[in-house]
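Chemist: Starting off with a structure, shown below.
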Amino acid sequence: MLQRFILFGLIVIAQPCWAIALLNDTLIIDGEVIYIEERSRGGADSLIHAKQMDYKKSRDPMPWAMECVGFGSNVKTNWSYAPDENFFSLQKFTKEKQNSFGFGARLSFFTQLHKHVHVGLGLDYYQFNAQLYSVNPYNAENSLTFFLSDNQEVNQVVQVEIQPGAYETDTLQLNTTLNQWQIQQWAIPLHFRFYVNAYSQRQNWRAFGQISPTIYFQRHSVEAPMIQSFLNENGQFLNAIIQNKTDVLGSIQIKLGLERRLSKQLHCHAGMNFQFPPLASEHAGNTRATFNTRSIEFGLRWSIGKWKD
């Protein structure tokens, strides 16, 4: 019992030297209360924030595709004489077909704006031969009319003075000369392709329409100056001289096609291509040649990147 009293007395005597923790954030030392406050340090947070600023989410690279196209075209050439629509080209007068066959190739590069919208830039080369028809009529002052005989020969009716004040008519058969005229053109089209449907697991076909504003650099080549003839029913004629020249023209290509997926990267397609408006080339003597082109095209397309098909 005595030992317990001695221990209790020692505890009471030492009490002023205690530091008693009453709460987690309060200390009592020698009777003085000390409050402990937690202060946050922003060093670690700012460091994390800085690292987050340096980090950028990686983006998928832009998809792109290369497309190679070969095509064959039917070109309808139409000649006109601007001041007088009653003048007809010799081809039209003789009802000759003014169609020519041409061939060409195109290299294009595409990327994707939307799942169903692709844009691209291309380079085309195209070549075809047109035909020039000419005749050498009798003096126009004595010419009465031109007509086409049953055997498709051009005939000229002229008035001939047989004696002073006396005239008679005569019919002359004219020889027609045919010359070849070569047209070569480079073109830079800007493609906007719109797909009607998307690929699926069961369907490897999709249809599209394409509009391509195009700049043409057209070169007209002849070995020597040639003649294109124009006639009318009143016996008048005009021979326009065709020479080498280069034109810079503009038009819009319109294409309708079907595309098939051969593999994830490889596609093929077939389509029809039209030109609107037709290309018009001005020549000597206020004459104009208009080329209306329609093409059948076949192409292969190699795609790289992640496409939204």
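The values are calculated or read from the model by the stated rules, or taken from the named source; none is laboratory data. Bear in mind that the values here come from a model prediction, so they are computed numbers and not experimental data. Reconstructed Cβ throughout: ideal geometry from the backbone, glycine too, with neighbour counts over all protein chains shown. SASA here: full protein model, heavy atoms, side chains in, ligands and nucleic acids out. Shrake-Rupley method; radii C 1.70, N 1.55, O 1.52, S 1.80 Å.
Chemist: In what sequence, highest mean first, do 79-90, 239-250 appear when ranked by Cβ atoms within 10 angstrom?
Modeler: Result, highest mean first: 79-90, 239-250.
Chemist: May I pose another question? Which pairs in the list K115/K264; K95/K245; K92/K255; K76/K97; K115/K306 are over 20 Å apart, alpha-carbon to alpha-carbon?
Modeler: The answer is K95/K245; K92/K255.
Chemist: Something else: Please work out the C-alpha center-to-center distance from the stretch 235-309 to the stretch 142-210 and express it in whole Å.
Modeler: For the stretch 235-309 versus the stretch 142-210, the Cα centre distance is 19 Å.
Chemist: How much area per residue is accessible in the stretch 254-303 when the probe is 1.4 Å and only protein heavy atoms are counted (Å²)? Numbers along the way, then the final one.
Modeler: Working: 2530 Å² over 50 residues.
Value for the stretch 254-303: 51 Å² per residue.
Chemist: While we're looking at this one, here's another question. If I model a spin label at Q203 and I304 as a point 7 Å from the Cα along the Cα→Cβ vector, what separation in nanometres do I get?
Modeler: The two pseudo-label positions are separated by 3.1 nm.
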